[in-house]
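Take a look at the structure below.
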Amino acid sequence: MNAVFPAPRRIDLGRAPGAAEPLDVRVDTSLPTQGYRLTVRADGTTLEHRDDLGRRYGLDTLRQLTATDDGARVGVVEDWPDVAERAFMLDISRDRVPTMDTLRWLVGVLGRLRFTELQLYTEHTFAWPGHEQVWRDASPMTADEIRALAAECSAHGVTLVPCLNGFGHMERFLRHDEHRHRAECPDGAPALLGDGRTPPTTLAPTPENAAFALDLFRGYLDALPSTRIHIGGDEPFELGHGRSADDVGRVGRATVYARHLRRLIDPLVDDGHEVLFWGDVLSRSPEVVATFPEGATAVGWWYAAPVASPPPLSSVLGPELVERLGMPEDAMAGFVAHTRAFAETGMPCWVAPGTSSWNSFIGRWPNARDNIDDALDVGADIGARGMLLTDWGDNGHHQPLAISLPPLVHAAGASWCRTTHDDAAVVDIVDEMAGAPGAGSDLVDLGSVDDLLGVRQFNASALFNVVVGAYLPPRRPRIDADRVERALEVIDRFVRADPATDIEAGLDAAARLARVGVWSLAAHHGIATPAPGTLAAERREAVARHRRAWARTSRPGGLEDSVARLFPDLAGPDALTTPSG
């Protein structure tokens with residue numbers, strides 16, 4: 001394994017010892033963006049760099065070379081990244097808002113891994129003046145905290161960029177009477193699956209609602225002035241089913257959507273911002289994409305490993321559901337399907353894979369790795385300007401941040417230089433990030449438990465689905481008693497009677513929830529499990545550990561919602577003190 005991470009594209013070091021000092025630092029504008037050339041000689045070192053980040057990365061490489069057992073060696077390292085914008089997005093709106101200490105730890109990790117950008121996905125968890133009713137119980141980020149975090153990011157070579165939503169995913173606003181009138185479907189919308197109606201989540205595409213969303217965006221920008229802003233815009237599921245139905249019937253859903261999105265994008269571009277938006281709704285409409293202004297950048301997202309020769313999506317989900325989801329027919333083929341419209345029109349585009357940690361307790365490492373690789377391969381083919389690795393918190397955000405370390409490290413190395421990145425480096429760098437020898441290989445094994453059991457599911461872990469009541473048994477289950485025993489052996493490596501660190505506490509809680517999931521799966525497939533009394537005690541203890549670990553790294557707002565997703569009968573505070581069985 002290379003002594004430097006991320007692995008440089010050119011490293012030519014001899015055996016003769018070199019000297020890190022004296023260090024001569026020079027600007028060389030002929031180098032690529034963020035590039036550097038490090039020349040180590042017997043009598044000192046020269047660092048040539050293109051820009052501030054190139055200087056930072058060159059010094060980091062020198063630090064790593066000097067820290068090896070052999071010390072710096074005479075030779076040359078020349079390097080720059082494949083992907084100039086390497087961003088990480090953390091969801092802070094699905095119940096879990098991290099403490100400032102947790103966010104500072106994350107920023108340090110991102111700086112070490114050479115990510116250039118952090119986005120905190122925000123729906124209702126910013127303390128906007130005048131909207132206290134919306135964020136009061138959510139433990140939101142304040143303007144002062146955002147400013148402090150931006151300064152922390154800057155010290156680590158990372159830029160904090162606003163990431164909000166102002167079209168779909170507005171349910172936290174629309175649940176309140178003062179905002180309900182803004183909804184596309186104020187009385188609820190047809191459910192995506194099954195009968196019935198769901199509470200409103202999408203703003204009606206009106207000029208008044210555009211002005212409302214712009215006020216939210218600009219209120220955040222007052223705390224975090226930025227040349228780039230991500231305005232979301234994904235999954236407006238109700239669009240065309242309420243107030244915009246006539247317009248959608250007349251000109252089409254994509255046109256109505258784009259017209260409203262332009263109401264948000266154009267003023268921000270006029271103010272000098274680059275505006276990122278999720279590309280899902282327009283992924284099938286290149287003719288509409290072609291109308292967007294300079295300054296708008298689509299972010300094509302997809303979170304599953306690619307499938308060779310996938311069936312048409314409408315044959316699996318039905319044409320009406322595919323239309324509401326806004327997905328292309330070959331969606332399961334991966335990023336080639338979700339970025340095609342932007343590649344064809346030449347619109348600036350980023351690719352957004354995921355850590356595959358959400359809807360899980362312990363992650364889905366093989367899917368994350370393949371999803372990231374697909375994003376970077378397709379991104380290189382179409383000239384994508386950036387990669388945004390997403391870490392969502394759907395359905396309770398039960399996974400601790402440490403679960404995402406293997407995907408974070410893999411994405412960092414592969415986006416820096418695809419040809420030199422070695423997956424073998426992931427486990428050692430995760431050890432460094434977690435501060436625990438062996439953590440990397442253990443976390444990779446932990447994130448592979450679903451595959452070990454033979455129950456891989458779409459966009460979720462089977463262990464999670466069975467606990468929250470959404471488990472769909474595979475047609476040809478491979479689960480058996482031997483697989484269950486091996487899965488439990490992996491999980492039990494993380495169970496701690498008295499966790500010493502925040503990371504240990506989070507992984508202990510996740511492991512206990514996953515263990516309950518394995519036993520639930522085993523019972524579902526007719527495999528022997530512990531006695532009912534023992535299982536009940538394990539459930540209670542898993543919830544108690546989840547609460548305790550949450551309190552160490554996250555704010556109290558959202559905890560009760562998170563717990564209620566697991567075991568509604570154990571959502572009360574008594575679970576904190578229930579002894580294990």
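The values are calculated or read from the model by the stated rules, or taken from the named source; none is laboratory data. As the structure is a prediction and not an experimental result, all values here were calculated from the model. Using ideal geometry, Cβ is built from the backbone for each residue, glycine included, and neighbour counts are taken over all protein chains shown. Just so you know, the surface numbers come from the protein's heavy atoms only, side chains and all, with ligands and any DNA or RNA stripped out. Shrake-Rupley method; radii C 1.70, N 1.55, O 1.52, S 1.80 Å.
Give me the one-decimal Kirkwood hydrodynamic radius in Å for the stretch 146-189, with the sum taken over alpha-carbon pairs. It would help to have the intermediate numbers written out before the result.
Numbers: mean 1/r = 0.0770 Å⁻¹.
Over the stretch 146-189, the inverse of the mean reciprocal pair distance is 13.0 Å.
Compactness of the stretch 221-288 was expressed as the Cα radius of gyration divided by 2.2 N^0.38 Å, which yields 1.24.
Quick one: ranking 69, 82, 381, 215 by accessible area, 1.4 Å probe, largest first, what do you get? If you can, show how the numbers build up before the last one.
Numbers: 69 165, 82 80, 381 130, 215 105 Å².
Per-residue accessible area, sorted high to low, gives 69, 381, 215, 82.
The stretch 209-285 and the stretch 111-186 have Cα centres lying 16 Å from one another. Less than 5 angstrom separates the built amide H of residue 28 from those of 49, 50, all sequence-distant by 5 or more or on a different chain. For the chain, the antiparallel share of DSSP beta bridges with both residues in that region comes to about 35%. Applying a length cut-off of 30 Å (Cα extent along the axis) and a mean Kyte-Doolittle floor of 0.0 to the DSSP H helices of the chain leaves 502-524. Roughly speaking, what is the centre-to-centre gap between the stretch 534-563 and the stretch 291-356 when only Cα atoms are used, to the nearest Å? Between the Cα centre of the stretch 534-563 and that of the stretch 291-356, the gap is 36 Å.
Note: relative contact order over the chain, using C-alpha pairs below 8 Å and six or more positions apart, is 13 percent.
Using just the helices of the chain, give the 222 nm mean residue ellipticity in deg cm²/dmol: DSSP H runs with n ≥ 4 each add -39,500 (n - 2.57), and the total is spread over all residues, rounded to 500. If you can, show how the numbers build up before the last one.
On the way: 24 runs with 247 residues, N = 581.
Computed ellipticity for the chain at 222 nm equals -12500 deg cm²/dmol.
Inverting the pair-averaged 1/r between distinct Cα atoms of the stretch 281-328 gives 12.8 Å as its Kirkwood hydrodynamic radius. Computed from phi, the 3J(HN,Hα) profile of the stretch 325-340 under the Karplus parametrisation 6.51, -1.76, 1.60 (θ = phi - 60°) reads 6, x, 9, x, 4, 9, 3, 6, 5, x, 5, 4, 7, 8, 10, 4 Hz, with x in place of Gly and Pro.
Could you work out the relative contact order of the stretch 261-405? I mean the mean sequence separation of Cα pairs under 8 Å and 6+ apart, divided by the number of residues, in percent.
On the way: 259 pairs, mean separation 34.1, N = 145.
Result for the stretch 261-405 is 24 percent.
Do any trypsin sites (Lys or Arg not before Pro) in the stretch 388-480 lie in a loop, going by DSSP, with at most 13 other beta-carbon atoms within 10 Å of their beta carbon, and if so which?
On the way: sites: 418, 456, 475, 478; in loops: 418, 456, 475, 478.
Here the sparse-neighbourhood loop sites are 475, 478.
The share of accessible area on the chain that comes from carbon and sulfur is 51 percent, using a 1.4 angstrom probe.
Accessible-area rank, largest first, for 476, 486: 476, 486, with all protein chains present and a 1.4 angstrom probe. Backbone amide hydrogens, once placed in the peptide plane, bring residue 184 within less than 5 Å of 202, 203, 204, excluding anything fewer than 5 places away on its chain.
Computed 3J(HN,Hα) for the stretch 388-396, one whole-Hz value per residue from the Karplus formula 6.51 cos²θ - 1.76 cosθ + 1.60 where θ = phi - 60°, is 10, 7, 9, 10, 8, x, 3, 6, x, glycine and proline marked x. Ordered from highest to lowest accessible area with the whole protein assembly present and a 1.4 Å probe, 285, 520 read as 520, 285.
With all protein chains kept in place, the per residue accessible area of the stretch 9-138 amounts to 41 square angstrom at a probe of 1.4 angstrom.
In the complete set of protein chains, residue-level accessible area for residue 193 is approximately 130 Å², probe 1.4 angstrom. Gyration tensor analysis over the Cα atoms of the stretch 119-201 returns equivalent ellipsoid semi-axes of 31, 15, 9 Å (largest first, whole Å). All Cα-Cα separations within the stretch 1-118 were binned at 5 Å from zero, giving a P(r) of 2, 11, 20, 20, 16, 12, 8, 6, 3, 2, 1, 0, each value a whole percent of the pairs. The mean accessible area for residues of the stretch 367-443, using a 1.4 Å probe and ignoring ligands and nucleic acids, is 28 Å² per residue. Remark on residue 274: its backbone amide H falls under 5 Å from those of 228, 229, a criterion applied only to residues 5 or more positions apart or on other chains, H modelled at 1.01 Å from N.
Stokes-Einstein diffusion coefficient for the chain at 20 °C in a medium of 1.002 mPa s, Rh from the Kirkwood formula over Cα pairs: what value in µm²/s? Value of D from the Cα-based Kirkwood radius: 86 µm²/s.
Remark: the stretch 82-90, residue by residue, has Karplus-estimated 3J(HN,Hα) of 5, 10, 6, 9, 10, 10, 10, 10, 10 Hz, where x stands for each Gly or Pro and the curve is 6.51 cos²θ - 1.76 cosθ + 1.60 at θ = phi - 60°. For the stretch 205-331, averaging the sequence separation of C-alpha pairs within contact (under 8 Å, six or more residues apart) and dividing by the residue count gives a relative contact order of 26 percent. Distance from the alpha carbon centroid of the stretch 453-520 to that of the stretch 1-36 works out to 43 angstrom.
Here the stretch 341-392 has an Rg and Dmax of 12.4, 40 Å, counting Cα atoms alone.
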